[in-house]
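A.B. asks: First, the structure itself, so that you have it in front of you.
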Amino acid sequence: MTTPVYPMTRAEGCPFDPPPKLRELQDEAPLVKVQVFDKTAWLVTRYADQRKLLADPRLSADVTSPGYPSQTAMAPRSGDGVGIGFILMDDPEHARLRRMVTAPFMIKRVEAMRPRVQKIVDGLIDDLLAGPKPVDLMEAFALPVPSLVICELLGVPYADHDFFQQNSKQLISLTATPEERGQAHGNLGAYLFNLVGEKLENPGDDLLSGLTERVKAGELTRQDAAGMGVLLLLAGHETTANMIALGTLALLEHPAQLAVLRETADPKVVAGAVEELLRYLNITHNGRRRAVLEDIELDGHVIKAGEGLIFPNDIGNRDPSAFPDPDTLDLHRDARHHVAFGFGVHQCLGQPLARMELQVVYSTLYRRIPTLRRAAELDEIPFKHDGSVYGVHSLPVTW
């Protein structure tokens, strides 16, 4: 078999489904080497294998580890020496830094934020209803919701949202040059470095101010605090914004499923619907990446130390052995065991916040605007095939 190239092209007319080649590999060659830039890496497509390996301590998330299959080329530090945060580190340093920001994302703390998020969502819907039609739901609603929330949590001025949203888009673009991504990273790093400096002088009641206490105690450098800020700001708005817009589009294409959310007042039904939409859509479509530290045997293959692994969660969450009839969107499905947030010690820190935001949005938007519909043909909607976070660049809607 010719070595497949990864990432792979999605099928035309199927904007919610993984590339057909991934399903073919899952059925016929679930562990296979693929071409990634100028190197090869193992592609792991089965759900059970993904969970098993993502929890294996013999794997490294450090981009500097030999064999790590980077999806883009970019220097790990730029702009006042600000790094990439703990997401691409290994334990014990990963665990040490992650613990410093765990508390605000714990379920009890996140649930205390629900009334504030509900107020934000209702206010933006009020603006939609009072404004012109059609409207770009991405710009007017999907992006502002998580941006406002993460700004309040971190202590980042929302007035700067145009700056950090534009640089975030450039940073995760798969078509930008390494220099352009480096410049965007430098811009965000310098911005957060300066903001951390301001909070060192005048701390507030926010996450970044909490990190400055660690800086003062010598537990954290100012650069590392800023790097954690870059990571949380980027992940805190880009991912959820795309889930809001793409989830809305998927529901509009599945009216019977949309009716489930529009007509229910049961929080458990809403929570279950969020899990199914996360499973079905999988907005991170270029696979989690790891390097192998020690030889590992799997399915008759020996994955050697110094080789790379890629875990495309979009096809993992469409594995029929884990999710019967996986290509069907079924909001009554129990999908809580999906791997949309990853698995193991590196699974997404902000998942409780993302879940809560999506629950508020999905339980409110379609109830308050019951006749919401697309204002453009499906093939006219620009999908984000050019980014490491999948979604839509814009979503024209009316009612």
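The values are calculated or read from the model by the stated rules, or taken from the named source; none is laboratory data. Quick caveat: nothing in here was measured; it's all calculated off a predicted structure. Ideal geometry is used to build each Cβ from the backbone, glycine not excepted, and the neighbour counts take in all protein chains shown. Remember, those area values only see protein heavy atoms, side chains included, never the ligands or the DNA or RNA. Shrake-Rupley method; radii C 1.70, N 1.55, O 1.52, S 1.80 Å.
A.B. asks: Considering each of A271, A250 in turn, give the residue that is of a type in the set (G, A, S), in contact (Cβ under 8 Å) with a residue 40 or more places away in the chain and open to solvent by less than 10 Å² (accessible area, probe 1.4 Å).
C.D. replies: Numbers: A271 fails: open to solvent by less than 10 Å² (accessible area, probe 1.4 Å).
Only one candidate qualifies: A250.
A.B. asks: Restricting to region 282-297, and then to whatever is of a type outside the set (A, V, I, L, M, F, W, C) and open to solvent by 20 Å² or more (accessible area, probe 1.4 Å), can you tell me which residue is nearest to L358 (Cα to Cα)?
C.D. replies: It comes out as T284.
A.B. asks: Quick check on E263: is it more than 16 Å from the chain's Cα centre (by Cα), under 23 Å from P15 (Cα atoms) and open to solvent by 40 Å² or more (accessible area, probe 1.4 Å)?
C.D. replies: no
A.B. asks: Would you say D162 is free of Cβ contacts under 8 Å to residues at least 12 places away in the same chain, under 23 Å from L365 (Cβ atoms) and in a helix (DSSP H, G or I)? Break it down stepwise before answering.
C.D. replies: On the way: free of Cβ contacts under 8 Å to residues at least 12 places away in the same chain: yes; under 23 Å from L365 (Cβ atoms): no; in a helix (DSSP H, G or I): yes.
So D162 does not fit the description; no.
A.B. asks: When the residues of region 207-245 are filtered to those that are farther than 22 Å from H185 by Cα and either touching a helix residue (DSSP H, G or I) at 6+ places or on another chain (Cβ under 7 Å) or of a type in the set (D, E, K, R) (or both), which remaining residue is most open to solvent (accessible area, probe 1.4 Å)?
C.D. replies: The qualifying residue most open to solvent (accessible area, probe 1.4 Å) is K216.
A.B. asks: A further question follows. Would you be able to say whether some residue in region 145-165 is open to solvent by 30 Å² or more (accessible area, probe 1.4 Å) and over 30 Å from A375 (Cα atoms)?
C.D. replies: Yes, region 145-165 has at least one match.
A.B. asks: Within region 1-45, track down each residue that is open to solvent by 60 Å² or more (accessible area, probe 1.4 Å), more than 17 Å from N317 (Cβ to Cβ) and either part of a loop (DSSP other than H, G, I, E, B) or aromatic (F, W, Y) (or both).
C.D. replies: M1, T2, T3, T9, E12, G13, F37, D38
A.B. asks: A further question on this structure: Any residue in region 141-152 that's without any contact (Cβ under 8 Å) to a residue 40 or more places away in the chain: show its pairings with residues that are open to solvent by 10 Å² or more (accessible area, probe 1.4 Å) and of a type in the set (A, V, I, L, M, F, W, C) at Cβ separation under 6 Å, as long as the two are six or more apart or on different chains.
C.D. replies: Cβ pairs passing all conditions: P144/L124; L148/I120.
A.B. asks: Further, regarding this structure: I'm trying to understand the selection: among the residues of region 298-309, which are touching a Leu at 6+ places or on another chain (Cβ under 8 Å) and surrounded by 20 or more Cβ atoms within 10 Å (Cβ to Cβ)?
C.D. replies: Selection gives I303, L309.
A.B. asks: Right, I120: without any contact (Cβ under 8 Å) to a residue 60 or more places away in the chain, touching a Leu at 6+ places or on another chain (Cβ under 7 Å), in a helix (DSSP H, G or I) and not charged (D, E, K, R) or not?
C.D. replies: Yes.
A.B. asks: Something else now. Please name all residue pairs, on different chains or six or more residues apart, with Cβ atoms under 9 Å, provided the first residue is in region 10-28 and is on the phi < 0 side of the Ramachandran plot and the second residue is charged (D, E, K, R) and loosely packed, with under 13 Cβ neighbours inside 10 Å.
C.D. replies: E12/D379
A.B. asks: Looking only at region 6-36, count every residue that is over 28 Å from L249 (Cα atoms) and within 23 Å of the chain's Cα centre (by Cα) and tell me the total.
C.D. replies: Final tally of qualifying residues: 1.
A.B. asks: Determine whether P104 is at pLDDT below 95, crowded, with 18+ Cβ neighbours inside 10 Å, outside any loop (DSSP other than H, G, I, E, B) and within 19 Å of the chain's Cα centre (by Cα).
C.D. replies: The answer is yes for P104.
A.B. asks: Would you confirm, using the coordinates I've provided, whether V196 is under 21 Å from the mean Cα position of the chain (by Cα), on the phi < 0 side of the Ramachandran plot and open to solvent by less than 10 Å² (accessible area, probe 1.4 Å)? Give the derivation first.
C.D. replies: On the way: under 21 Å from the mean Cα position of the chain (by Cα): no; on the phi < 0 side of the Ramachandran plot: yes; open to solvent by less than 10 Å² (accessible area, probe 1.4 Å): yes.
When the stated conditions are applied, V196 does not pass them.
A.B. asks: Moving on. Suppose we filter region 64-87 for residues that are modelled with pLDDT of 90 or more, within 22 Å of the chain's Cα centre (by Cα) and of a type outside the set (S, T, Y); how many remain?
C.D. replies: The number of residues fulfilling the criteria is 1.
A.B. asks: Related question: Might you check whether a residue that is open to solvent by 60 Å² or more (accessible area, probe 1.4 Å), without any contact (Cβ under 8 Å) to a residue 12 or more places away in the chain and farther than 20 Å from F86 by Cα occurs anywhere in region 168-185?
C.D. replies: yes
Residue-wise test of (1) within 29 Å of L174 (Cα to Cα); (2) over 23 Å from the mean Cα position of the chain (by Cα); (3) open to solvent by 30 Å² or more (accessible area, probe 1.4 Å).
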| site | (1), (2), (3) |
| --- | --- |
| R318 | yes, no, no |
| P324 | no, yes, yes |
| D327 | yes, no, yes |
| L331 | no, no, no |
| H338 | yes, no, no |
| T364 | no, no, no |
| R367 | no, yes, yes |
| T371 | no, yes, yes |
